[in-house]
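K.L.:
I have a structure I would like to understand better, so I am pasting it below and will then ask my questions one at a time.
Any read-out appearing in this document is the output of simple, stated calculations on the displayed coordinates, not a laboratory observation. Everything numeric here is computed off the predicted structure, so don't read it as measured data. Backbone-built Cβ (ideal geometry, glycine too); neighbour counts: all protein chains shown.
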Amino acid sequence: MKLPAGAALKRLALESLGWLLVVAGIAALVLPGPGLLMIFAGLVLLSQQYEWAERRLEPVRLRALRGAAESVETWPRICLSTLGALVIGGFGVLWTVQPPAPSWWPLAKAYWLLGGAWTGITLLLSALIALALIVYSYRRFHGKPEAVAALEGEIREADRDEEEYDETHD
């Protein structure tokens, strides 16, 4: 069955965006940024076309929630996470303002704060997303062992479901 040109273009755009988010999310697992959130968003888009992506949605969502719960277990983790988000935001402000290169800068002035204002804007957005996720995680999981236990139960159930699926589709 041939798709109309508009539908094919929409499918191509959504698929491309989905893969871009998955790859960027994988990179953000080791770089600053909400890696699991981007992977989840990419899988949501890809799951419209692929069964394998749909099967991966729930495990990624649950692992992201587990990471959120672990990030607010202790005050040092909360403080370090918040400090990290604020530092990223500070760099975002620096990149957005674009001050002139300092006198100690050894390279050409063109190499000072590469990427321009758009780099600053994406850093600021990353910081805001990180702070919002910290607040969400704190409100949902901090000091609530029953919420963490319920999440762990969901993860165990999802793992069992995945094992059963693998056994029946081998």
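K.L.:
Find the percent of Cα-Cα distances in segment 109-151 that exceed 15 Å, and round it to a whole number.
P.N.:
It works out to 61 percent of all Cα pairs.
K.L.:
Using 0.36 nm times the number of residues separating LEU20 and TRP52, minus their current alpha carbon distance, what extension gain do you get?
P.N.:
Difference between extended and current length: 9.8 nm.
K.L.:
Here's another thing I want to ask about it. Mind giving me the nanometre distance, one decimal, between the label points for TYR111 and ARG11, set 7 Å out from Cα along Cα→Cβ?
P.N.:
Using points 7 Å along Cα→Cβ, the separation is 4.7 nm.
K.L.:
Turning to a different aspect of this structure: In the chain, which longest range has no chymotrypsin sites (Phe, Trp or Tyr not before Pro) that are both DSSP loop (not H, G, I, E or B) and surrounded by at most 16 other Cβ atoms within 10 Å?
P.N.:
Working: sites that count: TYR50, TRP104, TRP112.
Formally, the longest exposed-site-free interval is 113-170.
K.L.:
Right, here's the next one. Where does each of VAL97, VAL87, VAL22 land when they are ranked from fewest to most other beta-carbon atoms within 10 angstrom?
P.N.:
VAL97, VAL87, VAL22
K.L.:
Based on DSSP H assignment, which helices of the chain show an axial Cα extent of at least 20 Å together with a mean Kyte-Doolittle hydropathy greater than or equal to -0.5? If you can, show how the numbers build up before the last one.
P.N.:
Working: long enough: 5-28 (34 Å, 1.40); 51-71 (31 Å, -0.83); 75-97 (32 Å, 1.40); 116-141 (38 Å, 1.32); 145-168 (35 Å, -1.32).
Both cut-offs are met by 5-28, 75-97, 116-141.
K.L.:
With every atom except the alpha carbons ignored, what do you get for Rg and Dmax of segment 26-150, in angstroms?
P.N.:
Using the Cα atoms of segment 26-150, the pair Rg, Dmax is 18.1, 56 Å.
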